[in-house]
Amino acid sequence: MYESRTKRLNVAAVALLGFFLWWAQGNLDGYKIQILNLVAINIILALSLNLIYGFTGLFSLGHAGFMAIGAYVSSLLILPAAQKEMIFLLEPLVWPLSVLQAPFFVAVLAGGVAAALFGLLISLPVLRLGGDYLGIATLGFAEIVRVVANNLSGITNGALGLKGIPNHANIWWNYGWCLFTLYFIARLVNSNFGNVLKAIRDDETAARAMGIDVLRCKVVSFSIGAFFAGVGGALMASLLTTIDPKMFLFLLTFNVLMIVVAGGLGSLSGTVIAGVVITVLLEWLRFVENPVTIGSFHIPGIPGMRMVIFSMALLFIILFRREGIMGMREITWNGIIGVCRRKGEKDRD
Amino acid sequence: MLRVENLDVYYGGIHALKNVSISVPRGKIVTLIGANGAGKSSTLRAISGLVRKKGKVFHDGEDISSSSPEAITAGGLVLVPEGRKIFPHLTVYENLMLGAYVRNDRSGIDETREWVYDLFPRLRERAWQKGGTLSGGEQQMLALGRALMSRPNVIMMDEPSLGLAPLLVKEVFEIIAAVNAEGVTLLLVEQNAFAALRIAHHAYVLEVGRIVLEGSGEELLADGRVREAYLGG
Ligand SMILES: Nc1ncnc2c1ncn2[C@@H]1O[C@H](COP(=O)(O)OP(=O)(O)OP(=O)(O)O)[C@@H](O)[C@H]1O
Ligand SMILES: [Mg+2]
């Protein structure tokens, strides 16, 4: 009975979200729509990192690398041949990429699959490392991807990047992928396999003593996480319509990491909440970088100021509320109904 | 049932186990006692394939010296690690189900779980509680129950009484005797030499990585050297 109620409430929530997006599309300006789109993409990215780090305990800092792979692969598949010819000034794009074309959905999927393949490839050597070493190795991987993108002009157009990427990533695509990611990862972490991942995170030795093939499970989790990071990168490329290697600096990974830590390692609802809050705040805080005039005082804009504020906020979270907004808890319909019922009873008293 | 021949373990330059040979007959409780750092945990970890070793290990007549930990568990030899390594963020039920990871006979697993719940009724009451919120004694029950879920024929337990109040220690040893009465062979590592020797059929004494003494539980309880070193005179 509870299960069918949960299902109905989920459908209702998705319908409500759909209605809100439809309303937003008709009534909000382009800037606000852009933020809504970024919210969806950031949630996808943070969910995938939470799977890797929060649920499997793999401290990975390679997200920007997977995003870059997803972004380049997908963009090359949706850029029209004529546009490709025009922007590849240093070196022409190699055949068959120069003529290859795919519908947007297939392109995003291909971006995700390519990222997952790279995840698989590096996971075998890298996942044998534990803890901080894994962080350093994955960070190195992301950096290598960026350097390669900078130099492989025949495929990536080097430092010039790709321009004029068709803007297919509208609100429906982004939220569609976002919901799919949430659904997929929620199903995964609540399955038997999800319990195996949490067991590995909690105690690797004990997990091995249970007969769990720890390395294989880590590889699977890491590759699925890489897939969704690739999808997020692909959507972001189409949303922004231009990409270049400089976009995929460590800062990008840091933003995602911030959402995951703030929301709570091992909490999907926490990630969603933090995804909304932090994306909106990151935009809103742009004002601190603008020049301000108070009376006769003129303060010039300080670029990077909002990142300082955010880094400090992250420090505070780690110092005072290490488990993030939600800890490992989840918001569930049964929980919400329970709270409402108790409140109702209190009001009647 | 379980035979260990000439086991050597090195940690970097440290020679932690020196030529250790142990034999655990079917259906018996065998205990390994020794002071801190004697190499008791190392012995168990080496047998279950968690650390690199030299020497031979036979389980049920099969050479498992170079098998992976996963294969060893699947073969029916399971370790309950030191310090009750239960999964704190998973429920009691989920912890138990992970113990059955190497099995895939759904109805058989349900049966075993009921059997474990009958052995430890407290686990049934707390099936939906997170493992990390159990008391120390309950966590030890869960660790043992989880090991039983794979339906092993040999269980190795590393210091099950560690950090428990005397009353709980007694309870844990009763549980161990009950599990043994169900036909499970046990290799038990203990600091609490007195309690271990009392239930063991056979015992080995380990001193700085070497077996220095062996005999039946009663013999060692009566042995002057053992009394002096491990039983407080
Ligand atoms: N991973 C390791 N690296 C280096 N040395 C180790 C390692 N594990 C154990 N040792 C050393 O090997 C020796 C035996 O350790 P072991 O854990 O087997 O002792 P123990 O008999 O179980 O002790 P205790 O009763 O305190 O648990 C100790 O000197 C210990 O310091
Ligand atoms: Mg020990």
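Scanning the range A:1-36 for residues that are open to solvent by 60 Å² or more (accessible area, probe 1.4 Å) and not in a helix (DSSP H, G or I) yields A:1, A:29.
Quickly run through the range A:211-241 and pick out the residues that are open to solvent by 30 Å² or more (accessible area, probe 1.4 Å) and out of contact with any Gly (no Cβ under 6 Å at 6 or more places or on another chain).
Within the range A:211-241, the subset open to solvent by 30 Å² or more (accessible area, probe 1.4 Å) is A:213, A:215-216, A:220, A:224, A:227, A:240-241.
Across the range A:211-241, the qualifying residues are A:213, A:215, A:216, A:220, A:224, A:240, A:241.
For the range B:134-192, filtering for residues that are β-branched (Val, Ile, Thr), more than 16 Å from ligand 2 (Cβ to nearest atom) and under 22 Å from residue A:205 (Cα atoms) leaves 2.
Please enumerate the residues belonging to the range A:174-210 that are under 19 Å from the mean Cα position of the chain (by Cα) and surrounded by fewer than 20 Cβ atoms within 10 Å (Cβ to Cβ). Break it down stepwise before answering.
Of the range A:174-210, the ones under 19 Å from the mean Cα position of the chain (by Cα) are A:174-189.
Once the filter is applied, which keeps residues that are under 19 Å from the mean Cα position of the chain (by Cα) and surrounded by fewer than 20 Cβ atoms within 10 Å (Cβ to Cβ), the range A:174-210 yields A:176, A:179, A:180, A:182, A:183, A:184, A:186, A:187, A:188.
Every residue, every condition in (1) surrounded by 16 or more Cβ atoms within 10 Å (Cβ to Cβ); (2) out of contact with any strand residue (DSSP E or B) (no Cβ under 6 Å at 6 or more places or on another chain); (3) of a type in the set (Asp, Glu), yes or no:
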site	(1), (2), (3)
B:176	yes, yes, no
B:180	yes, no, no
B:183	no, yes, no
B:201	yes, no, no
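Residues in the range B:39-73 that are surrounded by fewer than 23 Cβ atoms within 10 Å (Cβ to Cβ), away from every other protein chain (no Cβ under 11 Å) and of a type in the set (A, V, I, L, M): B:64 alone.
Hey, which of the strands (runs of 3 or more DSSP E) in the range B:125-233, taking only ones fully inside, have at least 2 residues that are in contact (Cβ under 8 Å) with a residue 12 or more places away in the chain and closer than 27 Å to residue B:71 by Cβ?
Numbers: elements: B:154-158, B:185-190, B:202-207, B:210-216.
Filter on the range B:125-233 gives B:154-158, B:185-190, B:202-207.
As for the range B:78-85, it holds at least one residue that is open to solvent by 40 Å² or more (accessible area, probe 1.4 Å), within 19 Å of residue B:159 (Cβ to Cβ) and facing chain A (nearest Cβ under 8 Å). Among the residues of the range A:173-229, those identified as of a type in the set (S, T, N, Q) and either in contact with a Leu (Cβ under 7 Å, 6 or more places away or on another chain) or more than 9 Å from chain B (Cβ to nearest Cβ) (or both) are A:174, A:181, A:190, A:191, A:195, A:205, A:221, A:223. Looking across the range B:205-214, the residues that are within 20 Å of residue B:25 (Cα to Cα) and either open to solvent by less than 10 Å² (accessible area, probe 1.4 Å) or within 11 Å of ligand 1 (Cβ to nearest atom) (or both) come down to B:205, B:206.
For the range A:74-130, what are the residues that are touching a Pro at 6+ places or on another chain (Cβ under 8 Å), at pLDDT 80 or above and surrounded by fewer than 18 Cβ atoms within 10 Å (Cβ to Cβ)? Answer for the range A:74-130, where residues must be touching a Pro at 6+ places or on another chain (Cβ under 8 Å), at pLDDT 80 or above and surrounded by fewer than 18 Cβ atoms within 10 Å (Cβ to Cβ): A:80, A:85, A:101. Checked against (1) touching a Gly at 6+ places or on another chain (Cβ under 8 Å); (2) open to solvent by 10 Å² or more (accessible area, probe 1.4 Å); (3) within 16 Å of ligand 2 (Cβ to nearest atom), residue B:89 passes all but condition (3).
Can you tell me which residue among A:41, A:69 is in contact (Cβ under 8 Å) with a residue 40 or more places away in the chain and open to solvent by less than 10 Å² (accessible area, probe 1.4 Å)? Give the derivation first.
Details: A:69 fails: open to solvent by less than 10 Å² (accessible area, probe 1.4 Å).
One residue alone meets the criteria, A:41.
Residue-level analysis places residue A:60 outside the set of residues that are part of a helix (DSSP H, G or I) and among the hydroxyl-bearing types (Ser, Thr, Tyr). For the range B:98-109, filtered to residues that are within 14 Å of chain A (Cβ to nearest Cβ) and assigned to a helix (DSSP H, G or I), the residue that is most open to solvent (accessible area, probe 1.4 Å) is B:106.
Only a single criterion out of (1) touching a Phe, Trp or Tyr at 6+ places or on another chain (Cβ under 7 Å); (2) within 14 Å of chain B (Cβ to nearest Cβ) is not satisfied by residue A:146, namely (2).
The values are calculated or read from the model by the stated rules, or taken from the named source; none is laboratory data. Everything numeric in this text was worked out from a predicted model, so none of it was measured. For neighbour counting, all protein chains shown are included, and Cβ atoms are generated from backbone atoms with ideal geometry for every residue, glycine included. To get the accessible areas, we keep the full protein, side chains included, count just its heavy atoms, and leave off ligands, DNA and RNA. Shrake-Rupley method; radii C 1.70, N 1.55, O 1.52, S 1.80 Å.
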